[in-house]
Structure formats: structure tokens, C-alpha cells
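The values are calculated or read from the model by the stated rules, or taken from the named source; none is laboratory data. Small disclaimer: the values here were computed from a predicted structure and weren't measured. Counting neighbours? That spans all protein chains shown, and the Cβs are built from the backbone with ideal geometry, glycine included.
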Amino acid sequence: MRAAPAAIWEPVGRSVEGRPIEAVTLGSGARRVLLIGGIHGDEPEGGRTINAVAAYLGALRPDATIRIVRDLNPDGSAARTRTNARGVDLNRNWPARNFAPGGERGVAPLSEPETRILAAELEGFRPDLVLVCHAARNGPFVNFDGPAADLARSFAGAAARTDPRWRVVADMGYPTPGSLGSLVGVDRSVPILTIEFSRGHDPDAAWLAMREGLTAVLDPGDRGPAN
Ligand SMILES: [Zn+2]
């Protein structure tokens, strides 16, 4: 059996320090799924799975069009910082109704090249579902915004078959003004899953969880007759 071909990543823009931000589109189904490998540079756990995820989904050929943005914050990843190179948290810089200017949130929504690049992806691709990878000390769990409770349960339930720690956490327990989840899920009612690996998550275990979780949310059989 031939190994799945590696995804062909294409640059869609550049970070503050000029690093390419790369994306790939897989499949051609009607359902449109956007996956973001990482947004906080000190949370590399999800991004480490992304090449394997892209190869797997390319071979799986689910009935969906899948757009993957490999890493929204390559400068932060290089420097191992949460923020981008200008000290802005790219998950607080969105034109959500709860945006609050100042500090790490930026002077205005979309003040950063990285968030403008992803905003253009959202406008151009018009996803029906967004998944974004993070990591948390109390991970792994799946958080969600918008009409995504069933999808969060599907992902976490499938991931839990690889690691029983996986669960759904509906409330992060702190405010997240200007977050991607606030814009996409709360304001626009598009389901968005925040995949929170544990900090320092074993890469092989993270990949298994992603494989099972993504397969569950992409398989119409797991979404129930209501869908
Ligand atoms: Zn994060």
C-alpha cells in the first residue's frame, strides 16, 4: 500500500516578521471545514500533528472540503511566545461584539497581518465548521462556541477512546473578548471547536486523538439523523 502523499502547502500571506503562513485545501465535498493548527506560539501541540492530519484527511477523502491553515502564528512559534511578534494575542484581535481594545488585544480588531490573513480565509472559504488547536495546562478537552455542542461531544468521545482524559468543557471559566470563538461561534452562529491539548501532550497521543476526533466530526454517520 502506498503511503498517503504529503500535502502541498501554499503560502497565503506573511507574518509580522515575514514568515509565510501556509494553507492547503483537501477534498471537494459540500460541507466546508476549516482547521487551524495553531494560533498561540507557545502551544505547538496541535501543530505537531498537522502534517499527519493533512496526509490522513487527503487519503480519507471525507465528503467535505477541508481547508487547513498550518500555523497562524509562525513568529510566535519560532519565539515560543503566546503572542505575535508585536505582542498581540491573535485570539483576542477579532471584530467580535465583545472585542476590547488595548494591551495584548491590539489597538483595533484585525490590527495584525496574521488575523487579517485568517479573516480573508473566513470570507473566502465560508466554513460550516471551524476547528482550532490550542493547549492548556488542564487539557486535553474540547471547548466550543456556537451550535457545536453535539460536534464537541463527538470529537471528545472519539478522542476519549484513545485517552480517557478527553472531555467537553463548555465554559473556559474566564472571559475571552475578541476571540475567534466569539466572532465565529457567538456572533455568526457557525460551530467552532477549540481543541485544547494538554501542555506537552505526547505527539503520538495527540495525533491519535486528532485522527479519531476529526474522523468522528467528519463522518455524517456520527452526527445523527437530525443533521
Ligand atoms: Zn491557546
L122 fails exactly one of (1) in a loop (DSSP other than H, G, I, E, B); (2) of a type in the set (A, V, I, L, M); (3) more than 16 Å from the ligand (Cβ to nearest atom); (4) surrounded by 14 or more Cβ atoms within 10 Å (Cβ to Cβ), namely (1)
Flagged in segment 1-58 as away from the ligand (no atom under 16 Å from the Cβ), free of Cβ contacts under 8 Å to residues at least 60 places away in the same chain and within 14 Å of P74 (Cβ to Cβ), in numbering order, are P11, G18, R19, P20, E22
Would you check if A148 is within 17 Å of V33 (Cβ to Cβ), modelled with pLDDT of 95 or more, more than 17 Å from the chain's Cα centre (by Cα) and surrounded by 20 or more Cβ atoms within 10 Å (Cβ to Cβ)?
no
Filtering segment 107-144 for residues that are touching a Lys or Arg at 6+ places or on another chain (Cβ under 8 Å), under 16 Å from G178 (Cβ atoms) and touching a residue at least 40 places away in the same chain (Cβ under 8 Å) leaves a count of 1
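Being assigned to a helix (DSSP H, G or I) and at pLDDT below 95 is true for just one of G221, G157, G181. Which residue is that?
Numbers: G157 fails: at pLDDT below 95; G181 fails: at pLDDT below 95.
After applying the criteria, what remains is G221.
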The lone condition W207 fails out of (1) buried (at least 19 other Cβ atoms within 10 Å of the Cβ); (2) within 23 Å of A30 (Cβ to Cβ) is (2)
Checked E114, E104 against criteria (crowded, with 24+ Cβ neighbours inside 10 Å, in contact with a Ser or Thr (Cβ under 9 Å, 6 or more places away or on another chain) and in a helix (DSSP H, G or I)); the one match is E114
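Looking at segment 60-72, is at least one residue closer than 25 Å to V190 by Cα, within 13 Å of the ligand (Cβ to nearest atom) and touching a helix residue (DSSP H, G or I) at 6+ places or on another chain (Cβ under 8 Å)?
Going through segment 60-72, the residues closer than 25 Å to V190 by Cα turn out to be 60-72.
Within this subset, residues satisfying the condition of being within 13 Å of the ligand (Cβ to nearest atom) are 71-72.
After this cut, where a residue has to be touching a helix residue (DSSP H, G or I) at 6+ places or on another chain (Cβ under 8 Å) as well, the list is 71-72.
Yes, segment 60-72 contains at least one residue that is closer than 25 Å to V190 by Cα, within 13 Å of the ligand (Cβ to nearest atom) and touching a helix residue (DSSP H, G or I) at 6+ places or on another chain (Cβ under 8 Å).
Give the residue that is farthest from M210 (Cα to Cα), with candidates limited to residues of segment 136-155 that are aliphatic (A, V, I, L, M) and in contact with a helix residue (DSSP H, G or I) (Cβ under 7 Å, 6 or more places away or on another chain).
Taking segment 136-155 first, the residues aliphatic (A, V, I, L, M) are 136, 142, 148-149, 151-152.
So of that shortlist, the ones also in contact with a helix residue (DSSP H, G or I) (Cβ under 7 Å, 6 or more places away or on another chain) come out as 142, 148, 151.
Numbers: V142: 11, A148: 17, L151: 14 Å.
Taking the candidates together, the pick is A148.
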Exception for A52 within (1) touching a Phe, Trp or Tyr at 6+ places or on another chain (Cβ under 6 Å); (2) assigned to a loop (DSSP other than H, G, I, E, B) falls at (2)
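Would you be able to tell me the number of residues in segment 10-28 that are of a type in the set (A, V, I, L, M, F, W, C) and surrounded by fewer than 18 Cβ atoms within 10 Å (Cβ to Cβ)?
So in segment 10-28, the residues of a type in the set (A, V, I, L, M, F, W, C) come out as 12, 16, 21, 23-24, 26.
Next cut, surrounded by fewer than 18 Cβ atoms within 10 Å (Cβ to Cβ) only: 16.
The total comes to 1.
Quick one: would you say A79 is on the phi < 0 side of the Ramachandran plot, surrounded by fewer than 24 Cβ atoms within 10 Å (Cβ to Cβ) and within 16 Å of the ligand (Cβ to nearest atom)?
Numbers: on the phi < 0 side of the Ramachandran plot: yes; surrounded by fewer than 24 Cβ atoms within 10 Å (Cβ to Cβ): yes; within 16 Å of the ligand (Cβ to nearest atom): yes.
It is true that A79 is on the phi < 0 side of the Ramachandran plot, surrounded by fewer than 24 Cβ atoms within 10 Å (Cβ to Cβ) and within 16 Å of the ligand (Cβ to nearest atom).
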